[in-house]
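Remarks on the structure that follows.
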Amino acid sequence: MTSSASDIVEVDARGLGNPTTFIHVAKSTRYLSRGTTVVVRADDDSAAIDFPAWAEWAGHAIDPIEPAPEGGYLVRLEVLKGSRKTQHAVESSLASRKGMTR
């Protein structure tokens, strides 16, 4: 994954536990654009197992999970699916340019 500093979103999910960790990350990634890198700090032991499955389900790429220097895990995801809100805005804009409404 390659991203500029402006395309990186950090999510601190330490102390949340499962499933709250994934709910927090899912809410944080909901409206991000395709190509955004999300760096998650999590201390839930299930994160190393559950994040790869969640990323696949959600349609995001994931780097190998590594231990965080301060303890817990460091998870790097890349948003591959554009958000529903972003996709809708693009579709609406294209439709209005063609004189159509949605």
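Remarks
- Proxy reagent accessibility, fewest Cβ within 10 Å first, across 24, 60: 24, 60
- The amide H of residue 11, built 1.01 Å from its N in the peptide plane, has 39, 40, 41 as neighbours under 5 Å, considering only residues 5 or more places off or on other chains.
- Shown here for the stretch 1-73: chymotrypsin sites (Phe, Trp or Tyr not before Pro) in loop regions (DSSP other than H, G, I, E, B) with at most 14 other Cβ atoms within 10 Å, namely 31.
- Relative exposure of 65, 49, judged by other C-beta atoms within 10 Å (fewest first): 49, 65
- Estimated distance in nm for a label pair at residue 63 and residue 24, the labels positioned 7 Å out from Cα along Cα-to-Cβ: 2.0 nm
- Whole-Hz couplings from phi, Karplus 6.51/-1.76/1.60, listed for the stretch 23-37; x for Gly and Pro: 5, 4, 5, 4, 5, 5, 9, 3, 10, 7, 7, 4, x, 5, 9
Just so you know, all these numbers are worked out from the coordinates, no wet-lab data involved. What you are looking at is a predicted structure, and each value in this text was computed from that prediction instead of being measured. Don't worry about glycine lacking a Cβ; one is built from the backbone with ideal geometry, like all the others, and counts go over all protein chains shown.
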